[in-house]
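The values are calculated or read from the model by the stated rules, or taken from the named source; none is laboratory data. The structure presented is a predicted model; accordingly, all values stated were derived computationally and were not measured. Reconstructed Cβ throughout: ideal geometry from the backbone, glycine too, with neighbour counts over all protein chains shown. All accessible areas refer to the heavy atoms of the entire protein, side chains included, with ligands and DNA or RNA removed. Shrake-Rupley method; radii C 1.70, N 1.55, O 1.52, S 1.80 Å.
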Amino acid sequence: MFLDTANYEEIEAALALGIFDGVTTNPTILLKEHRSRFDMMTLASQMGIPFLFVQVVGDRMEDMWEDYLLLLEQSDHMHGTSIGVKVPLHHEGIRFIKKVKQSDPQFPVLGTAIYTAEQAIIGSLAGCHYLSPYVNRMASNSLNPYVEIKRMRQFIDNQGLDVQILAASFHESQEVVQALEAGAHSATISYQMYQDLINNKLALLDIHTFNDHARQLPTGENV
């Protein structure tokens, strides 16, 4: 599971849990924190984030490639943090992925901005290691994200491809569970979504009762 944020406090709290494999970012998330991609890479290294996904930018493949080279140059100054790139899955993104795979076949590539199984299928054939369908955004645009994820997973399994579906874009905790049930291998979620997943209201009431009753127990032991 990945954490989808660029917030220092959220990352610090999440890393202490031991359940997140790394952090995913995009320009929108970074803008919210007023942080550049290069600042985020430096921060990731300082915080000991094991893995960081950074999105390449550019309208054309050539622009994305130049941007990719700048990210690689910045990554040379990082210690203890590996990086991968997020690539929007459209025509220019596929062209970019081909160039990356020719340069370094093992470099981690995550196909992002996915709304259909067709995009994911092309991305997996192009050599993506991860695919990120936008679950809530799909649902908000009258697309069934779970049907699309199921179709993606069936293709991946049938073809024996080494690619994982890393579902993204959630508004409710149940969407995360449904995406995993539909076939997503994992998910990248906000820290608030993690809180929603773990802090079940009924469970919290039980825990409060247990602790309240524990304080009322007799102290000491009879010998």
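Ellipticity at 222 nm from helices only: DSSP H runs of n ≥ 4 in the chain, each -39500 (n - 2.57), divided by the residue count, give -16000 deg cm²/dmol. Converting phi to 3J(HN,Hα) with the Karplus coefficients 6.51, -1.76 and 1.60 and the offset θ = phi - 60°, region 3-8 yields 9, 9, 6, 10, 7, 4 Hz in sequence order, with x at every glycine or proline. Solvent exposure of the chain amounts to 55 Å² per residue of accessible area, where only protein heavy atoms count and the probe is 1.4 Å.
For region 114-223, compute Rh as the Kirkwood radius over C-alpha pairs and then the Stokes-Einstein diffusion coefficient at 4 °C and 1.567 mPa s; write the answer in µm²/s, rounded to an integer. Calculated translational D: 81 µm²/s. Taking θ as phi - 60° and the Karplus parameters 6.51, -1.76 and 1.60, the scalar couplings of region 87-103 work out to 10, x, 8, 9, 4, 5, x, 5, 4, 5, 4, 4, 5, 5, 5, 5, 7 Hz in sequence order, x denoting glycine and proline. In this structure, the amide hydrogen of S82, modeled 1.01 Å from its nitrogen in the peptide plane, lies closer than 5 angstrom to those of F51, L52, counting only residues at least 5 positions away or on a different chain. Distance between the 7 Å Cα→Cβ label points at D206 and Q102: 5.8 nm. Between region 96-113 and region 141-198, the C-alpha centres lie 21 angstrom from each other. Atom-type composition of the exposed protein surface of the chain places 50 percent of the accessible area on carbon and sulfur (1.4 angstrom probe). Which of the lysines could a cross-linker span from K99 if the Cα-Cα distance has to be under 27 Å and same-chain partners fewer than 8 positions apart are dropped? Correct list for K99: K86. Using the Karplus relation 6.51 cos²θ - 1.76 cosθ + 1.60 with θ = phi - 60°, the per-residue 3J(HN,Hα) values for region 111-117 come to x, 10, 6, 9, 10, 9, 5 Hz, with x marking Gly and Pro.
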